[in-house]
Amino acid sequence: MNPEQRQVYKDKLEAVLLEIEDYLSKSEDAAEAVSPDKSLGRLSRMEAMQDQQLVLEFRRRQKRRKAEVFNAISRLEQDQYGQCIFCGSQIAEERLDAFPEVQTCMKCA
């Protein structure tokens, strides 16, 4: 991978990281527990609790993706970015463009 391509992917990874950080900071309030003293009806409270669980799950996924982005940045700095972690073959550029943090080729995925 040439230096220009490395910079393009580094910029993409940093953009994904900013997007994740933005979501995590904006969703903190929605992830808080639904207090039982809220003046909601029984069904409304259940819906609020379900919404809270959905937010918590998406936050967990975003935190995992954040770790994958940091891992990809580390691989980029070690000149291992774009190589499948299992078979060592090159990951297709289309796959890296869609998911810059991906670690595996299509065959190993």
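The values are calculated or read from the model by the stated rules, or taken from the named source; none is laboratory data. Remember, it's a predicted structure, so these values are computed and weren't measured experimentally. Methodologically, a virtual Cβ is constructed for each residue, glycine included, from the backbone with ideal geometry; neighbour enumeration extends over all protein chains shown.
Quick check on region 62-79. Is at least one of its residues hydroxyl-bearing (Ser, Thr, Tyr) and touching a residue at least 12 places away in the same chain (Cβ under 8 Å)? For region 62-79, residues hydroxyl-bearing (Ser, Thr, Tyr) and touching a residue at least 12 places away in the same chain (Cβ under 8 Å): absent.
Taken together, the residues in region 86-103 that are of a type outside the set (D, E, K, R), assigned to a loop (DSSP other than H, G, I, E, B) and under 16 Å from residue 9 (Cβ atoms) amount to 6.
Exactly one residue out of 62, 52 is over 17 Å from residue 4 (Cα atoms) and at pLDDT below 95, and it is 52. If you check residue 25 against the conditions, is it assigned to a helix (DSSP H, G or I) and modelled with pLDDT under 95? Yes; evaluated as a whole, the condition is true for this residue. Answer yes or no as to whether residue 47 is modelled with pLDDT of 95 or more and among the acidic types (Asp, Glu). It is false that residue 47 is modelled with pLDDT of 95 or more and among the acidic types (Asp, Glu). Taking region 59-108, which residues are surrounded by 14 or more Cβ atoms within 10 Å (Cβ to Cβ), closer than 15 Å to residue 21 by Cβ and among the basic types (Lys, Arg)? 59, 65, 66 - these are the residues of region 59-108 that are surrounded by 14 or more Cβ atoms within 10 Å (Cβ to Cβ), closer than 15 Å to residue 21 by Cβ and among the basic types (Lys, Arg). Within region 10-23, the residues that satisfy the criterion of being over 12 Å from residue 70 (Cβ atoms), in contact (Cβ under 8 Å) with a residue 12 or more places away in the chain and either of a type in the set (Lys, Arg) or out of contact with any helix residue (DSSP H, G or I) (no Cβ under 6 Å at 6 or more places or on another chain) (or both) are 10, 12.
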